[in-house]
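Encoded as structure tokens, the structure appears first; notes follow it.
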Amino acid sequence: MTDTPVILGIETSCDETAVAVVDGYRVLSNVLASQVDAHARFGGVVPEVAARAHVEAIRALTHRALAEAGIHPMDLDAVAATRGPGLAGALMVGFSYGKALAWALGKPFLGIDHMEGHLFAPRLDDPDYAPPAVVLLASGGHSQIIHLKQWGDYEVMGSTIDDAAGEAFDKLARFLGLGYPGGPAIDKESEGGDPTAVRFPRALADRPFDFSFSGLKTSVVTYVRKHHRDGTLPPIPDLAASIQEAIVDALVAKTFNAVEEAGVGAVAGGGGVLANRRLRVRMAEEAASRGVALHLPSPVMCTDNGAMVAAAAVYRFGLGERTDPASDIDSSLRLGR
Ligand code: KG4
Ligand code: ZN
């Protein structure tokens, strides 16, 4: 026995079935079954397909997470699962499974906000990540800048007024025929591309902490159609790198505006978009030039995983919080509300 809680975390809000076991903020195991192949031929996530794939994967994955961690189910202190936000049917699979497992074991259950999971991901195996900090959360469904004042005390400083950053990557990758998921595709395609080939617009200069990516989308579509007609379209790597640069520029600029405004000495990030290599480099350069500490999870801990859910649960469990087994998912949960 340790004095830190051993928690099993389940994540099924979208297209990854993910389970992990942590001991405090130490990751003992972290396994996942990606559904990319199941959705790729549709060019995006199909909710019914996602829910069914979660059902098929969850049990074996849970056993694997426990086995790899070397933890007997009876030695768990709690079971946690994502409660929202996300796809209702997908959420229901992990949430119900987690509740049933906790009930069968006679252990406490915790329903976790997916975005709080992303916010806790940098804490895994990094004891130096602590409030106060500014945290950029950018995923497929959300883009927010959070002032982390205390654990549990989150002020939303800025957010997107239209598409999330990951959504912009996904839609533009699909438009360019680069496939799904779009973020990793553009990241890869950008290699060797010239990020200054095309200067796409950086929107909302008058709103220092908010994002807008729908204008970028329109501008890319207009540009590509015109230059395709003229036969003057730049090579795809140049286009991909230029799109990536526009998104990264916006994310970095607004995040560091917020760092300045909040007057904090630390910046962190979470969510799938933070796996982007160019964004990670730019965040590191900007943090270094300002003498601000940077806490980024490894790329696999940026995209959806069970360990981040378990990490947020470690904090909530420590407060004595428990989720009523009669409670339900909340697909429109909002951090800081
Ligand atoms: O956090 P996440 O795994 O799932 C959600 O909560 O949405 O984020 C998924 C999003 C997708 O839009 C995906 O295209 C994007 O993160 N993403 C990336 C990269 N890896 C994943 N975007 C840019 N570059 C990447 N390397
Ligand atoms: Zn996510």
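The values are calculated or read from the model by the stated rules, or taken from the named source; none is laboratory data. If you're wondering where the values come from, they're calculated on a predicted model, not measured in any experiment. Backbone-built Cβ (ideal geometry, glycine too); neighbour counts: all protein chains shown. Keep in mind that these areas ignore ligands, DNA and RNA; they rest on the heavy atoms of the full protein, side chains included. Shrake-Rupley method; radii C 1.70, N 1.55, O 1.52, S 1.80 Å.
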Do we have TYR154 as modelled with pLDDT under 95 and either buried (at least 20 other Cβ atoms within 10 Å of the Cβ) or within 16 Å of ligand 2 (Cβ to nearest atom) (or both) here? no
Is one or more of the residues making up the stretch 171-184 closer than 30 Å to MET74 by Cα and within 16 Å of ligand 2 (Cβ to nearest atom)? no
Across the stretch 170-188, what is the number of residues that are more than 7 Å from ligand 1 (Cβ to nearest atom) and crowded, with 21+ Cβ neighbours inside 10 Å? 2
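Could you grab me the full set of residues in the stretch 28-71 that are β-branched (Val, Ile, Thr) and in contact with a Cys (Cβ under 8 Å, 6 or more places away or on another chain)?
Taking the stretch 28-71 as the starting set, the residues that turn out to be β-branched (Val, Ile, Thr) are 31, 36, 45-46, 49, 55, 58, 62, 71.
Selection gives VAL45 alone.
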Within the stretch 284-294, can one find any residue that is assigned by TED's automatic domain parsing to the domain that holds ALA164, in contact with a strand residue (DSSP E or B) (Cβ under 8 Å, 6 or more places away or on another chain) and touching a residue at least 60 places away in the same chain (Cβ under 8 Å)? yes
Selection count where residues are open to solvent by 40 Å² or more (accessible area, probe 1.4 Å) and modelled with pLDDT of 95 or more, scope the stretch 39-64: 7
Take VAL248 and decide whether it is in contact with a helix residue (DSSP H, G or I) (Cβ under 6 Å, 6 or more places away or on another chain), over 20 Å from ASP187 (Cα atoms) and in a helix (DSSP H, G or I). no
For the stretch 306-316, state whether one or more residues are among the charged types (D, E, K, R) and modelled with pLDDT under 95. no
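Among the residues in the stretch 257-265, are any β-branched (Val, Ile, Thr), surrounded by 16 or more Cβ atoms within 10 Å (Cβ to Cβ), touching a residue at least 40 places away in the same chain (Cβ under 8 Å) and assigned to a helix (DSSP H, G or I)?
Yes, the stretch 257-265 contains a residue that is β-branched (Val, Ile, Thr), surrounded by 16 or more Cβ atoms within 10 Å (Cβ to Cβ), touching a residue at least 40 places away in the same chain (Cβ under 8 Å) and assigned to a helix (DSSP H, G or I).
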Only residues that are surrounded by fewer than 22 Cβ atoms within 10 Å (Cβ to Cβ) and of a type in the set (A, V, I, L, M, F, W, C): list them for the stretch 288-314, please. ALA288, VAL292, ALA293, LEU294, VAL300
Among the helices (runs of 4 or more DSSP H) confined wholly to the stretch 113-231, which include 3 or more residues that are closer than 21 Å to ASN305 by Cβ? 114-120, 165-175, 182-189
